[in-house]
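Beneath this line is the structure, given in structure tokens, with notes to follow.
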Amino acid sequence: MESITASLRQFIMQHFGDDDLNIFCFDYFRDVSNNFTSGMTRAQKVQMLIEYCERGSKLKILNQKLGVHRTEAYEVLVAHWRIEATRDVSDEELPEAIQFLETLTRLFDEQAIHESLSKLFRKRSAGYKITAESTKQDFSAAMEDLRLAANLTRDRVEVWYEQAVLATEWGWADRQLEKEVMENLNRALLIKPNDHRLYCQRALLQQYHFTNTHRGIEDLTQAIKLKPEEPNYYRLRAHFHKTSGMRVVYDQQDFGEDKLEIYDKDEIELAIQDYSSALRLDPENASYFYNKAQCLEALGRYRVASMDYDYAIELSLTYSNDRQHIRDDMFLARARCLRKAALEAYELAMQHLQYQTGFPKHGRAQKWLERLTPTI
């Protein structure tokens, strides 16, 4: 994409002879004209004019005067610029395209040009991906691009939504930025109160940045009302209920086995309901089965939990791209749950055999007790 200054240079060279250029500069750019010397080529004079206008923020004046003196040709040039401003650009063209449009916005105060530049800022912001090499500077640059985009467009809701996604995905927002993003989401919901995505993003901010799980659950409930066919909303609300009702503790004293600590059984029951709802909409999601199984295990429903662990493992091996350590966690969780189920069954068997009046004290019951004890 050719720069504005390059286009202007070419335009002046094509449409102004040496005498016309001298008169033009004398009339409108006297400081430039006074620096012309004998022996200077027309190209040198044009370059001096361009540099003077760019350095002194007078490109807009230059364009206005060109439009007056070469009206028809200048209108063709501007039409070309407007076409360039609206075309799609590749990632490789993005830096030049942004520079082109930034210059164009200084020349023409037109909303269409502002909207085009806003889209490019959003495109550049989306180009910052979360990787192992990502830095906080990358996050700040991406967020700044979205601020610039919001200032240029009339559809700020989409930009504010993208800001919220960026803040929650990267997790590097400081307290001031968190408040800014939350305020923008609140403004967005005043404009579009039926946008389920906005409620979801506000819920995530409430949970992870403001530790307000209750408000997060309320927002997700509203998102579900607006789009009940979205399984991810049930999954998120289930996660909020789950984290409110229990936690997973890694205990090195117990052979590195995870332990499930419960705070609130009612919250765990609500989490199970939401995971079940998510599974009705997305029955091949291994993560939903795994998390639901954890909740069931925490409530002591080991047999049902072990079945859900089985489903999670089967789906993970068949459809999912889960990493190996995630599958390892699933296998270990199933083993832990099966052991608990076996211990529970053993205890019931022991109680039955020890207090079964139908067996002699040292007869068949005693033999069963001797068999069961070493196997468990």
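So here's what we get for this one:
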quantity	calculated
Of V181, L148, M40, farthest towards positive along the dipole that unit charges on Lys, Arg, Asp, Glu beta carbons give the chain	V181
Packing rank of 123-131, 239-247, where each peptide gets the mean count of other beta carbons within 10 Å, highest leading	239-247, 123-131
R0 of 56 Å, Cβ-Cβ distance D88-D174: FRET efficiency to nearest 0.05	0.95
13 Å Cα-Cα reach of K192 towards aspartates and glutamates, excluding residues that sit fewer than 8 places from it in its own chain	D155, E158
Calculated [θ] (222 nm, deg cm²/dmol) that DSSP helices of n ≥ 4 give over the chain, each run adding -39,500 (n - 2.57)	-24000 deg cm²/dmol
Relative contact order %, the chain, counting alpha carbon pairs below 8 Å whose residues are six or more apart	7
Gained length - R303 relative to E261, 0.36 nm times residue gap less alpha-carbon distance	13.2 nm
Cross-link pairs K58/K179; K179/K225; K123/K179; K60/K136; K179/K259 - those with Cα-Cα distance over 29 Å	K58/K179; K60/K136; K179/K259
Ranked by how many other beta carbons lie within 10 Å on average, peptides 272-283, 5-16 from highest	272-283, 5-16
Contour minus Cα-Cα distance for L348 and R327 (0.36 nm per residue)	4.4 nm
Inter-part distance where the range 143-169 and the range 1-70 are each reduced to a Cα centre, Å	38
Cα-Cα separations in the chain greater than 30 Å, expressed as whole percent	62
Dipole of the chain, positive end: most advanced residue of A298, H114, L8 [Cβ charges, Cα centre]	A298
Size of charge dipole - the chain - debye, nearest 20, with Cβ of Lys, Arg +1 and Asp, Glu -1, no other charges	1000
Carbon/sulfur fraction of accessible area - the range 128-203, other protein chains in place, 1.4 Å, %	48
Computed E for S57/Y208 - FRET, C-beta separation, R0 30 angstrom, nearest 0.05	0.10
Paramagnetic label zone (point 7 Å from Cα along Cα-to-C-beta, N22; backbone N under 16 Å) in the range 40-57	40-46
Rounded D (µm²/s) - the range 44-168, Kirkwood Rh over Cα pairs, Stokes-Einstein at 4 °C, 1.567 mPa s	79
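The values are calculated or read from the model by the stated rules, or taken from the named source; none is laboratory data. As the structure is a prediction and not an experimental result, all values here were calculated from the model. Note: ideal-geometry Cβ built from the backbone for every residue, glycine included; neighbour counts use all protein chains shown. Only protein heavy atoms, including side chains, enter the accessible area calculation; ligands, DNA and RNA are left aside. Shrake-Rupley method; radii C 1.70, N 1.55, O 1.52, S 1.80 Å.
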